[in-house]
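Shown next, in structure tokens, is the structure this report addresses.
Please treat every number below as a calculation from the coordinates, not as lab data. Predicted model only: the values in this text are computed from it and were never measured. With ideal geometry, Cβ positions are generated from the backbone for all residues, glycine too; neighbour counts draw on all protein chains shown.
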Amino acid sequence: MHPEEQDAEVLSRVLSFVEDAPARGESTLVHAAARRGHGIKEALDKEPWALNEPDCTGKSPIHAASKYGNKNALEELIEANASVNMKDFVGLTALMLASLNEHVDCVRLLLRHSDINIDQRDNEGRTALCYAARTCDPEVVAALLAEGASVSARYITGDSPLHWLGKNFNYTGMTPLMQAIINNRVAPLQCLVEAGASMQLLDKWGRSILHKAAISDLDVLQYLLSLDPTMFRGISPSQPDAWGRAPWDKFEDTLFPDDIGYREESSHEASEAAFNQLLQIAQDENMRWEINVLESTLAHVRQSRVDEARSQLDSGIVQRRKWKDDEGVRYYRGISQHIQAGVFEGVITTLEEDIEYLRGQIGSSPWLGDSDSSLSDSSDIASSEEEDDQTDGSEDDGSEDGDDAYETAESGDEAENEDTITAL
């Protein structure tokens, strides 16, 4: 063939190729196949140039396969050497999209690729772990953590993945850790705990992780029992949810076949023993914490340090309010008011007695009474000076004894929303 004819043939092929290709930014056959989940090889045969071609949003076919959870299509694109770290116009990668849309199989497939950048950031500085934590999928979070995803990398707002792991929740108020518990996923649960996910949060119905553990299986209960007991400090074993149901009430539900978490009779005894032990640990840790608060308060009172003593008691008020324990709130407020009034002798006696009482309660059964709230009635505190005045025939109108504080305790009642889904 004459050289000029050869040049014309080459030019003709190039022009044909260009005519077949859509304008830049349009979706290609490979994009369509990636979204469908099949036909990748056929589409690449027709449009080999489209392997990493961005559409109008900057997304390549590998983005589409990851977004829609099409593992087989994603695998074929990876085998064809698609770029696994390619970003769209806002910086999203295939790994971020798979994590955001809770496609754990796609996440694991991408993580096996030697070139994957697990901590790659979008335009706002977010990583795949940030997106996984925000959607609360424990399996995806665990997969990323297992491969070394950073929990401390901060993005533009100053938050880190650890912030989301500890505080984020879905529409029911459940965190990834709570979901791992109720779904009996020990491996994700372990990853979340080791990453620092908070164990003290409540869902939108006021349920703690003990409410969630009540319907989990024995493996989850045994894992929770293996943790440092101090991790359960601040979680009340008797705290009621919005419907007044404590964790033990939830556990009893598992005895009935129609309820979530139903346990066969053969496994119930072991689960009951484990759950009781878990409640015991939570109760004892809360008592140890309370003893520390009261001992610190006592030390300040003995030195007549009023502000420091009342500051210690404030932490008790906050914790008791969180537990919806009005009696406990009144106790701490009463002690605080007597300290402010200078009734030191009576306060010292009461604190010493209550510290001794709490020490004796450590190790006692959670079912022998509300031992975490059976402290003294602080309204009974009276100084020796007051007793002397009464002996002399003087009368006290009670205007400074702090009783009013007990009559105005916050109820903490929450209106029950009958339209709310109570799936847990």
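Normalized C-alpha radius of gyration of region 320-361, against 2.2 N^0.38 Å?
In units of the 2.2 N^0.38 Å rule of thumb, it is 1.26.
Which semi-axes, in whole Å and largest first, does the equivalent ellipsoid of region 192-308 have when worked out from the alpha carbon gyration tensor as the square roots of 5 times its eigenvalues?
The answer is 33, 15, 13 Å, longest axis first.
May I ask you to derive the FRET efficiency for R154 and D105 from their Cβ-Cβ distance with R0 = 25 Å, giving the value to the nearest 0.05?
Details: r = 29 Å, r/R0 = 1.18.
Between R154 and D105 the formula returns 0.25.
Give me the number: length gained by fully extending V90 to H38, i.e. 0.36 nm times residue separation minus the C-alpha to C-alpha distance, one decimal in nm.
16.0 nm
Whole-Hz ³J(HN,Hα) for each residue in region 178-192, computed from phi via Karplus 6.51 cos²θ - 1.76 cosθ + 1.60 with θ = phi - 60°, x for glycine and proline: what do you get?
Karplus values, whole Hz, x for Gly and Pro: 4, 5, 4, 5, 6, 8, 6, 10, 5, 4, x, 4, 4, 4, 5.
Would you list D105, D307, D241 from fewest to most Cβ contacts within 10 Å?
Values: D105 16, D307 9, D241 22.
The fewest-first ordering by Cβ neighbours comes to D307, D105, D241.
Determine the sum of side-chain charges near L144: Lys and Arg each +1, Asp and Glu each -1, restricted to other residues whose C-beta is under 11 angstrom from that of L144. The partial results should precede the final answer.
Values: positive: R108; negative: D119, D137, E139, E147.
Net local charge, L144 excluded: -3.
Taking amide H atoms as placed 1.01 Å from N in the peptide plane, list the residues 5 or more away in sequence, or in a different chain, whose amide H sits under 5 Å from that of D55.
Here the answer is S60, since their amide H atoms fall under 5 Å of that of D55.
Work out how much length E194 to E295 would gain on full extension: take 0.36 nm times their residue separation and subtract the Cα-Cα distance, in nm to one decimal.
Values: separation 101, 0.36 × 101 = 36.36 nm, distance 3.15 nm.
My answer for the length gained is 33.2 nm.
Counting other Cβ atoms within 10 Å, which chymotrypsin sites (Phe, Trp or Tyr not before Pro) in region 54-148 have at most 10 and lie in a DSSP loop? Mind showing how you got there, number by number?
Working: sites: Y68, F89, Y131; in loops: Y68, F89.
Answer by residue number: there is no such site.
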